[in-house]
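The values are calculated or read from the model by the stated rules, or taken from the named source; none is laboratory data. Here the structure is a predicted model, which means the values were calculated and not measured. Quick reminder, even Gly has a Cβ in these numbers, built from the backbone with ideal geometry, and neighbours come from all protein chains shown.
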């Protein structure tokens, strides 16, 4: 599982962020992974749509829908993380040994469910 360390709290999350006007979900996923990890990916398919308010995330002032997309590394996948204002590191972790997650961004059960959905396309897309 490719994760990135958040500068704001030092914890880890799936790469992701806010949509820019005119971007599709695929374009957002590719851009955010590149910006936050230095790696190039191809976004393959939508896994789930999560209403953040319906899960035990810390409260947020905004209504947020989180889109989880299954992505695949392009080429060798050996990107070089460049520290930036949002993230300080990135790396791969086994699902059974995730580092402390940034719970305002991703919950452990959401990460595990995304992997399950990616591995089993017949399950379809989860939608809150």
Taking the options 68, 93, name whichever one is out of contact with any helix residue (DSSP H, G or I) (no Cβ under 9 Å at 6 or more places or on another chain), at pLDDT 95 or above and on the phi < 0 side of the Ramachandran plot. 93
Name the residues in the stretch 5-42 that are more than 19 Å from residue 118 (Cα to Cα), in a strand (DSSP E or B) and within 11 Å of the chain's Cα centre (by Cα), would you? 12
Being under 14 Å from residue 1 (Cβ atoms), in a loop (DSSP other than H, G, I, E, B) and out of contact with any strand residue (DSSP E or B) (no Cβ under 7 Å at 6 or more places or on another chain) is the filter here; which residues of the stretch 65-106 pass it? 77, 94, 98
Would you say residue 45 is touching a strand residue (DSSP E or B) at 6+ places or on another chain (Cβ under 9 Å), more than 23 Å from residue 127 (Cα to Cα) and either without any contact (Cβ under 8 Å) to a residue 12 or more places away in the chain or assigned to a strand (DSSP E or B) (or both)? no
Any pair with Cβ under 6 angstrom, 6 or more apart, that starts in the stretch 1-27 at a residue that is free of Cβ contacts under 8 Å to residues at least 24 places away in the same chain and ends at one that is surrounded by 14 or more Cβ atoms within 10 Å (Cβ to Cβ): 19/28
Can you pull out every residue in the stretch 48-64 that is exposed (fewer than 11 other Cβ atoms within 10 Å of the Cβ) and in a loop (DSSP other than H, G, I, E, B)? 56, 58, 59, 60, 61, 62, 63
Spot the failing condition for residue 109; the list is (1) at pLDDT 95 or above; (2) surrounded by 12 or more Cβ atoms within 10 Å (Cβ to Cβ), and only one is missed. (2)
Which listed residue is farther than 18 Å from residue 27 by Cβ, over 13 Å from the mean Cα position of the chain (by Cα) and at pLDDT below 95, from 73, 85: 85
